[in-house]
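J.: For reference, the structure I am asking about is given below.
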Amino acid sequence: MTVLTSIQSSATRPFALRTAVRLAHLRRFINRFFAGVIARHEANAVRAALYQLDDRELRDIGICRGQIESNLEDLAQTRARLQQPGWH
């Protein structure tokens, strides 16, 4: 009876491990998906806010209208770097 018990527990252990690994991958995928959606939403909100400013207000914060898109791209790359695992 103890032999059967040890065989059953060792047979179910790899299945449980594979299931845990797959769930971890799924969780990571879902987190990255929603992080991307949130980042895109924030970028669109910042873009809209910056385009509503007049040239004087943009000059006060140190950019001109032609630099809005490139600055948003730089911010997106910086954010992506900061979200990489092991950055801290």
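No lab work stands behind these numbers, since they all come straight from the coordinates. Just so it is clear, the structure is predicted and the values come from calculations on it, not from any experiment. With ideal geometry, Cβ positions are generated from the backbone for all residues, glycine too; neighbour counts draw on all protein chains shown.
J.: So how far apart, in nm, are the two label points at Glu73 and Phe33 if each is 7 Å from Cα heading toward Cβ?
T.: Each label point lies 7 Å from its Cα, and together they span 2.9 nm.
J.: Explain nothing, just compute: Karplus ³J(HN,Hα) = 6.51 cos²θ - 1.76 cosθ + 1.60, θ = phi - 60°, for every residue of the stretch 18-29 in order, whole Hz, x for Gly and Pro.
T.: Listing the rounded values in order: 4, 5, 5, 5, 5, 5, 5, 5, 5, 4, 5, 4 Hz.
J.: Which FRET efficiency, nearest 0.05, do Arg56 and Ala20 yield, Cβ-Cβ r, R0 41 Å?
T.: It comes out at approximately 0.10.
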